[in-house]
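K.L.:
Below are the structure tokens for one structure; questions will follow.
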Amino acid sequence: MLDQLSLDINGLTVNYGAFVALRGVTLTVGRGEIVVLLGANGAGKSTLFRTISGLQKPTSGSITYGRTNLVGLSPEGIIRMGIAQCPEGRLLFPELSVEKNLVLGGYIHRRDKGGVKDGLEEVYALFPILRDKRHQAAGSMSGGQQQMLAIGRALMARPKVLLLDEPSLGLAPLVVEQVLEVVQRINAAGTSVLLAEQNAYAALSIAHRGYVLENGVLTLEGTQQALLGNDAVRSAYIGV
Ligand SMILES: Nc1ncnc2c1ncn2[C@@H]1O[C@H](COP(=O)(O)OP(=O)(O)O)[C@@H](O)[C@H]1O
Ligand SMILES: [Mg+2]
């Protein structure tokens, strides 16, 4: 994990016009960590992810990966730094085959054909079901399989940091477990993960640390154990 660096967000504020979506957010994803970002609908999780990925300009604050300031880099430049996002809602091309979806992801991230081929092999090794279904339309697969495909597409970039925006959305509990188990394997293979979730119990079961985001402000941070035991987290996100 020597080539991994820490992703550091400092005092990040993001506006949509006059509306402040994130206010002074400070958060770190350390080397090799799985960090969960908990927050209800509208808290600002996707805004944070889009800002890290260069799709949204911050009003103020910094985002650094190692010594590199990511603010102002193009989305492609940020992917090339090793930070890839699997967006909320998956955003696949439903009529295209599974493999075409992966290859398209690969072309954005890997200029060379050999790289794309290696990437496919890596993704198929992680998700054998995607190899079996590689000629089927992405939209014909189950929600869980489509989520695996969306994660696979992000992995085509060989990221060092994977940003996963609500992968459990709309999936049955058993499928959520399968997806999160794969996230753990990706992490064990050396990729740091920032995971946005409303499903706190499932997410905390695999996370090392976490933060709680409410109305654009971080209100709590702690280890997996501390958050699982926190009354506010339990009542707001675990439903106890
Ligand atoms: N493009 C946009 N323009 C204006 N407001 C937005 C836009 N995207 C998100 N918002 C608002 O910003 C807030 C945070 O949204 P979002 O980051 O999507 O939260 P989450 O991902 O936690 O559900 C919400 O109030 C949402 O309505
Ligand atoms: Mg969101």
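The values are calculated or read from the model by the stated rules, or taken from the named source; none is laboratory data. Keep in mind that what you see is a predicted model, and the values were worked out from it rather than measured. Virtual Cβ from ideal backbone geometry, glycine too; neighbours counted across all protein chains shown. Quick note on the areas: whole protein, heavy atoms, side chains included, nothing else; ligands and nucleic acids left out. Shrake-Rupley method; radii C 1.70, N 1.55, O 1.52, S 1.80 Å.
K.L.:
Give me the percent of accessible area attributable to carbon and sulfur for segment 90-158, probe 1.4 angstrom.
P.N.:
Values: 1900 of 3400 Å².
Exposed carbon and sulfur together represent 56 percent of the surface.
K.L.:
Would you mind putting 38-44, 171-177 in packing order, based on average other-beta-carbon counts within 10 Å, highest first?
P.N.:
Details: 38-44: 19.3, 171-177: 14.7.
Packing order, densest peptide first, comes out as 38-44, 171-177.
K.L.:
Give me the percent relative contact order of segment 21-111, please, defined on Cα pairs under 8 angstrom at least 6 residues apart. List each step's numbers first, then the result.
P.N.:
Numbers: 54 pairs, mean separation 17.7, N = 91.
Dividing the mean separation by the residue count of segment 21-111 yields 19 percent.
K.L.:
Rounded to the nearest 20 Debye, what is the dipole magnitude of the chain about its Cα centre when Lys and Arg each give +1 and Asp and Glu each give -1 at the C-beta?
P.N.:
On the way: 22 positive and 20 negative charges, 120 e Å.
The dipole magnitude comes to about 580 debye.
K.L.:
Through the Karplus equation 6.51 cos²θ - 1.76 cosθ + 1.60, θ set to phi - 60°, convert the phi angles of segment 150-167 into ³J(HN,Hα) values in whole Hz; use x for Gly and Pro.
P.N.:
4, 5, x, 4, 5, 5, 4, 7, 6, x, 9, 10, 10, 9, 10, 9, 6, x
K.L.:
Counting only the heavy atoms of the protein chains, how much of residue 81 is accessible to a 1.4 Å probe, in Å² to the nearest 10?
P.N.:
Its heavy atoms expose roughly 50 Å² to the probe.
K.L.:
Then there's this: Name the most mobile residue of 186, 63, 151, meaning the one with the largest mean-square fluctuation, in a Gaussian network model of the chain with Cα contacts below 10 Å.
P.N.:
Looking only at 186, 63, 151, the biggest GNM fluctuation is shown by 186.
K.L.:
A follow-up question, please. At 1.4 Å probe radius, can you tell me the per residue accessible area of segment 90-158 in Å²?
P.N.:
Values: 3400 Å² over 69 residues.
Result: 49 Å² per residue.
K.L.:
Just going by the charge dipole of segment 90-158, with Lys and Arg at +1 and Asp and Glu at -1 on Cβ, which of 124, 145, 103 is farthest out on the positive end?
P.N.:
103
K.L.:
For the pair residue 68/residue 31, report the inter-label distance in nm, with labels modelled 7 Å from Cα in the Cβ direction.
P.N.:
1.7
K.L.:
Can you compute the radius of gyration and Dmax for segment 35-161, using only the Cα atoms, both in Å?
P.N.:
15.4, 46
K.L.:
Here's a follow-up. Over 29 Å between C-alpha atoms is what I'm after, so list which of 45/160; 57/160; 57/133 land there. Mind showing how you got there, number by number?
P.N.:
Values: 45/160 20 Å; 57/160 22 Å; 57/133 38 Å.
Among 45/160; 57/160; 57/133, the Cα-Cα distance tops 29 Å for 57/133.
K.L.:
In degrees from 0 to 90, rounded to the nearest 10, what is the angle of the helix 98-109 Cα long axis to the longest principal axis of the chain?
P.N.:
Roughly 60 degrees between the two axes.
K.L.:
Going 7 Å from the Cα of residue 59 along its beta-carbon direction, which residues of segment 13-45 have the amide nitrogen within less than 17 Å of the resulting point?
P.N.:
Within reach of a label on residue 59: 13-26, 43-45.
K.L.:
Which of the GluC sites (Glu not before Pro) across segment 46-145 are loop residues per DSSP, with 15 or fewer other Cβ within 10 Å?
P.N.:
On the way: sites: 76, 88, 95, 99, 121, 122; in loops: 88, 95.
Those that pass, being in a loop and sparsely packed, are 95.
K.L.:
May I pose another question? Give the relative contact order (percent, whole number) for segment 192-240; include only Cα pairs under 8 Å separated by 6+ residues.
P.N.:
Numbers: 43 pairs, mean separation 16.5, N = 49.
It rounds to 34 percent for segment 192-240.
K.L.:
Here is a further query. Spelling out what I want: for every residue of segment 201-208, take phi, set θ = phi - 60°, compute 6.51 cos²θ - 1.76 cosθ + 1.60 (Karplus), and round to whole Hz; glycine and proline get x.
P.N.:
Taking θ as phi minus 60°, the curve returns 5, 5, 5, 5, 5, 10, 7, 7 Hz for segment 201-208.
K.L.:
Taking a ≥ b ≥ c as the square roots of the Cα gyration tensor eigenvalues, with a/c under 1.5 meaning rounded and otherwise prolate when a/b beats b/c, else oblate, which class fits segment 111-205? Please list the in-between numbers first.
P.N.:
On the way: a/c = 2.13, a/b = 1.29, b/c = 1.65.
Oblate.
K.L.:
Continuing with the same structure: Report D for the chain in µm² per second (integer): Stokes-Einstein, Kirkwood Rh on Cα pairs, 37 °C, 0.692 mPa s. List each step's numbers first, then the result.
P.N.:
On the way: Rh = 18.0 Å.
Stokes-Einstein gives a translational diffusion coefficient of 182 µm²/s.
K.L.:
Please report the Cα spread of segment 90-158 along all three principal axes, rounded to whole Å, starting with the longest.
P.N.:
Cα spread of segment 90-158 along its principal axes, largest to smallest: 30, 21, 18 Å.
K.L.:
Pairs of alpha-carbon atoms within less than 8 angstrom and 6+ residues apart define the contacts here; what relative contact order does the chain have, in percent?
P.N.:
Taking the mean separation of contacting Cα pairs over the length of the chain, I get 27 percent.
K.L.:
Sticking with this structure for a sec: Residue by residue through segment 57-62, which ³J(HN,Hα) values in whole Hz follow from phi under the Karplus form 6.51 cos²θ - 1.76 cosθ + 1.60 (θ = phi - 60°), with glycine and proline marked x?
P.N.:
Listing the rounded values in order: 8, x, 7, 7, x, 10 Hz.
K.L.:
By average Cβ neighbour count within 10 Å, what is the ranking of 198-206, 131-139 from highest down? All intermediate terms of the calculation are to be shown ahead of the outcome.
P.N.:
Working: 198-206: 20.4, 131-139: 15.3.
The peptides rank, most packed first, as 198-206, 131-139.
K.L.:
While we're looking at this one, here's another question. Around residue 230, what is the net charge, scoring Lys/Arg as +1 and Asp/Glu as -1 over all other residues with Cβ under 15 Å from its Cβ? All intermediate terms of the calculation are to be shown ahead of the outcome.
P.N.:
Values: positive: 209, 234; negative: 214, 221, 231.
After counting each charged neighbour, the total is -1.
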